[in-house]
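Engineer: Take this structure first; my questions come after.
The values are calculated or read from the model by the stated rules, or taken from the named source; none is laboratory data. Everything numeric in this text was worked out from a predicted model, so none of it was measured. Note that each Cβ is placed from the backbone with ideal geometry, even for glycine, and that neighbours are counted across all protein chains shown. Protein only, heavy atoms only, side chains kept; ligands, DNA and RNA dropped before computing areas. Shrake-Rupley method; radii C 1.70, N 1.55, O 1.52, S 1.80 Å.
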Amino acid sequence: MLTLASKLKRDDGVRGPRTSNPASDSTRRVSVRDKLLVKEVAELEANLPCTCKVNFPDPNKLHYFQLTVIPDEGYYQGGKFQFETEVPDAYNMVPPKVKCLTRIWHPNITETGEICLSLLREHSIDGTGWAPTRTLKDVVWGLNSLFTDLLNFDDPLNIEAAEHHLRDKEDFRNKVEDYIKRYAR
């Protein structure tokens with residue numbers, strides 16, 4: 001993290017005052033995202049849920065990271081679920097792109113990794129979608145909550161999993177445990 005922060009300070013000093021060159025403005029825009037990320041990553045790391053771990057494969061690229069969620073209660077207790085997060089250039093006006101890399105039997109996450117979490121939607125009917133005031137901390141806490149209090153069987157993305165739970169809760173639990181043994185250890 002410090003490497004990028006040092007680089008940003010150095011780049012600002014080298015770049016000097018703002019020019020009207022369009023190429024310079026687009027470079028500056030990426031720099032704004034990276035400056036936001038330096039601050040947000042520090043806040044995120046200071047306020048990370050105990051069931052989550054964040055990994056930056058390249059500490060100079062804060063716009064790409066992996067999140068591991070290890071639920072300590074509920075249906076998914078004992079599993080280890082990996083998420084990939086990519087923060088676009090237009091951040092914080094648009095939400096990060098998040099995909100679940102671990103195969104899971106979940107009403108709000110498809111087996112191919114798509115996630116139904118309103119704060120990850122740019123436009124949300126219920127008004128709880130992405131807003132420029134949201135941060136990476138909100139995203140991580142939201143993903144973590146998908147395994148506990150945000151687990152939603154009434155508005156599923158994976159309809160088959162939700163219907164399975166409605167039909168037979170015990171069999172649903174067994175299938176979740178089977179997926180954890182096969183894919184989430």
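Engineer: In segment 101-159, how many residues are within 20 Å of GLU86 (Cβ to Cβ), β-branched (Val, Ile, Thr) and either touching a Cys at 6+ places or on another chain (Cβ under 7 Å) or open to solvent by less than 60 Å² (accessible area, probe 1.4 Å) (or both)?
Structural biologist: Selection size over segment 101-159: 8.
Engineer: Ok, one more. Within segment 156-173, is even one residue under 23 Å from CYS52 (Cβ atoms) and of a type in the set (S, T, N, Q)?
Structural biologist: So far as segment 156-173 goes, yes, one or more of its residues are under 23 Å from CYS52 (Cβ atoms) and of a type in the set (S, T, N, Q).
Engineer: Tell me which residues, restricted to segment 164-177, are open to solvent by 80 Å² or more (accessible area, probe 1.4 Å) and either closer than 18 Å to THR112 by Cα or aliphatic (A, V, I, L, M) (or both).
Structural biologist: Step one: list which residues in segment 164-177 are open to solvent by 80 Å² or more (accessible area, probe 1.4 Å), which gives 166-167, 169-170, 173.
LEU166 - this is the single residue of segment 164-177 that is open to solvent by 80 Å² or more (accessible area, probe 1.4 Å) and either closer than 18 Å to THR112 by Cα or aliphatic (A, V, I, L, M) (or both).
Engineer: Still on this structure, I have one more. Consider segment 60-77. How many of its residues are surrounded by 13 or more Cβ atoms within 10 Å (Cβ to Cβ) and farther than 15 Å from SER145 by Cα?
Structural biologist: Number satisfying all stated conditions: 6.
Engineer: For segment 84-185, please list each of the helices (runs of 4 or more DSSP H) lying entirely inside it that holds at least 2 residues being modelled with pLDDT of 95 or more and basic (Lys, Arg).
Structural biologist: Working: elements: 136-145, 159-167, 169-183.
Those helices (runs of 4 or more DSSP H) span 169-183.
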